[in-house]
Amino acid sequence: MIKESKDIIILPDRFRDPYTFESVLSMNSSLLESSGTVDMSRIAFIEPYSMISFLLMGRNFLRKRGEKLKLIHIPIHIHQYLNRMDFFSKGIFILTETLPEGMSLKRNPISNRLLEITEIPGKERQGVNALSSVISIFRKRSELILKFWMDESIVDYFVTVLSELCQNIFEHSLDSGFVTMQTYKSGKENIARLVISDSGVGIRGSFEGKKTLNYKTTSQLIELALTTPISSKREFGYGLCQVNSITEKLKGTIFIRSESSSLTVLYNKIEKGKNIFHRNDLPYFEGTQIAISLSA
Amino acid sequence: MIILVEKLARECKIKSQDLITRPIGRSLFEKAMEKIKMTDKGETVILDFENIKVIDSSFIDEFIVRLIEISSTEDFYIKLKDISLMAEINIDSVFHSYSNYKDKRIAAAREELGRNNKYYIGPLTQEESDIIDYLKINHHSSLSELLRFSGIEEIKIMPILQELYSLRVIKKINNEYYSV
């Protein structure tokens, strides 16, 4: 972490994937103790997982401190992108600079390779309405979002994944969350990334009442939830299991982070040996953050 | 009775081709039961999913599983029709989980052959599967015909037929067995 002065925290250019973003998450406790001004001048690129996680950091700051994080020195292209993704419309941040007139990215059909950030409320009725709306927009844009992977069934697979993961927010997290999706280019690779995150009770908190489950670390519990139909509320569940099975069919990757742990499953690299990676020594961050990615 | 699920959803003010979440499953269940109450005892209720693309596990739990659970006490049979590939995958996953964790199997007859090449969805054995296929082709059969076809001894086939009847995937009328 770099502190320009006592009052300003400078964020590093570590918004490129869930792994590099860990260094930003490690600044969370310092951020909560700071005056709440964040310099974004060094950020050159932001992908969807980092964007949503930073949104959650801002929301946590607002909840704990009762004031909004102030973002300064945002590079214009980052500002344009965040604006296009509805990042600023959630009322979580204060902006000191506005985009120059005519610099906002147009919302035309060609740029619809994305789902803007949408809040999934923590209450069932509102959550269902928000989810229905997200799925309806996804269906309309799916040919553009999934252009490089398009086949007969992939849209329906993603509708199932969206449905299962968003329902976990209002059924289990005891909080509201956010969903977004985008296809973008990274080097020669095209990446489609769906991100669904909340800052609720986390996976361990959700399964607290299930004494019959046998696990030592949170990452082991995440793996159990991915591979066994367990549920925190009912006798059994299907959500994460089904998501795991679909990701395997699509040869994608799953990254799940909860509190101080994460689990990564790489179905695109099975032939190269080990494909499940556990981590349990990460900086603490509330809730559950999930990224499902395809690459081509 | 044929229940067009798309029409049922519209009656619940749901226009989407994707039926997802528990509340939507509960609404459709209540609506379906209003119609099923008007059927004769032992009637087959065909749930026609034409134009429905995705049904998720929560919806399946609240709609299909509940209808199957109540079908014994209310005396009707459920048959699924026009199931999409995704719906079939999700139903199969729910039925397998249910059967593993509740120590009680669940299955449903279907109108057309599925991707499992069977006329049902659910964790049934090969012997059970063969009997369902035979009844589907022949519509109905006596015990002696089933004994001849399957080659299973009578003492062994009776509990199999009883189990299939309990699962509501075959019908028994007098001493004849029928496909659903």
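Amide H neighbours of A:G287 under 5 Å, counting only residues 5+ apart in sequence or on other chains, H built in-plane at 1.01 Å?
Placed amide hydrogens put A:G200, A:G202, A:E259 under 5 Å from A:G287.
Kirkwood Rh over Cα pairs of chain A into Stokes-Einstein at 4 °C, 1.567 mPa s: D in µm²/s? Write out the running numbers ahead of the final one.
On the way: Rh = 19.6 Å.
D = 66 µm²/s.
Using all alpha carbons of region A:184-265, what is the percent of pairwise distances in each 10 Å bin, ordered from the shortest bin to the longest?
Taking all Cα pairs of region A:184-265, the binned fractions are 16, 47, 27, 8, 2 percent.
Note down the relative contact order for region B:1-123 as a percent, whole number, built from C-alpha pairs under 8 angstrom at least six residues apart.
Reported as a whole number, the value is 24 percent.
Between A:M103 and B:N116, what FRET efficiency comes out of the Förster formula 1/(1 + (r/R0)^6) with R0 = 51 Å and r the beta carbon distance, rounded to 0.05?
0.40
What ranking do B:133-141, A:18-26 get when scored by the average of other Cβ atoms within 10 Å per residue, highest first? Let's see the in-between values first.
Details: B:133-141: 15.9, A:18-26: 18.1.
Highest mean packing first, the order is A:18-26, B:133-141.
List the lysines whose Cα lies under 23 Å from the Cα of B:K156, skipping any in the same chain that are fewer than 8 positions away.
B:K104, B:K118, B:K136, B:K171, B:K172
Give me the inter-chain shielding for A:155-166: mean count of other chain Cβ atoms within 10 Å, whole number please.
5
Rounded to a whole number, what is D in µm²/s for region A:84-194 from Stokes-Einstein with the Kirkwood radius over alpha-carbon pairs (10 °C, 1.306 mPa s)?
Translational D for this selection: 103 µm²/s.
Over the Cα atoms of region B:124-180, what is the Rg over Rh ratio if Rh follows Kirkwood?
Details: Rg = 9.8 Å, Rh = 10.9 Å.
Rg/Rh for region B:124-180 comes to 0.89.
Averaged over peptide B:95-101, how many Cβ atoms belonging to another chain are found within 10 Å of each residue's Cβ?
4
Could you work out [θ]222 nm for chain B from helices alone, using -39500 (n - 2.57) per DSSP H run of at least four and dividing by all its residues? Round to the nearest 500 deg cm²/dmol.
Value at 222 nm, helices only: -14500 deg cm²/dmol.
Taking a threshold of 22 Å on the Cα-Cα distance, which of the pairs A:K106/B:K53; A:K185/B:K53; A:K210/A:K269; A:K249/B:K81; A:K68/A:K185; B:K41/B:K79 fall above it?
A:K106/B:K53; A:K185/B:K53; A:K210/A:K269; A:K249/B:K81; A:K68/A:K185
Test of understanding: what is the full-extension gain from A:K123 to A:Y284, defined as 0.36 nm times their sequence separation minus their Cα-Cα distance?
Between A:K123 and A:Y284, full extension yields 55.4 nm more.
Per-residue mean of other chain beta-carbon atoms within 10 angstrom of the beta-carbon, peptide B:19-25?
Mean shielding by partner chains, rounded to a whole number: 5.
In region B:75-139, what GluC sites (Glu not before Pro) fall in a loop by DSSP, with at most 12 other Cβ atoms inside 10 Å?
When the GluC sites (Glu not before Pro) of region B:75-139 are filtered for loop state and at most 12 Cβ neighbours within 10 Å, B:E112 remain.
Quick one: grab the alpha carbon gyration tensor of region A:3-95, order the square roots of its eigenvalues as a ≥ b ≥ c, and give me rounded if a/c is under 1.5, else prolate or oblate depending on whether a/b is larger than b/c.
rounded
Sort A:255-262, A:101-108, B:114-121 by the packing proxy (mean of other Cβ within 10 Å over each peptide's residues), most packed first.
A:255-262, B:114-121, A:101-108
Subtracting the Cα-Cα distance from 0.36 nm times the residue separation, let me have the gained length for B:E145 to B:T39 in nm, one decimal.
35.1 nm is the gain from fully extending B:E145 to B:T39.
Would you calculate a helix-derived [θ] at 222 nm for chain A, using -39,500 (n - 2.57) for each DSSP H run of n ≥ 4 and dividing by the full residue count, to the nearest 500? Let's see the in-between values first.
On the way: 9 runs with 100 residues, N = 296.
The per-residue figure over chain A is -10500 deg cm²/dmol.
Considering the convex hull of the alpha carbon atoms of region B:1-123, report its projected area averaged over all viewing directions, in nm², one decimal. Walk me through the numbers on the way to the answer.
Numbers: hull surface 26.9 nm².
Dividing the Cα hull surface by four gives the mean projection, 6.7 nm².
Only the coordinates and a few stated rules stand behind these numbers; no lab work does. Everything numeric in this text was worked out from a predicted model, so none of it was measured. Counting neighbours? That spans all protein chains shown, and the Cβs are built from the backbone with ideal geometry, glycine included.
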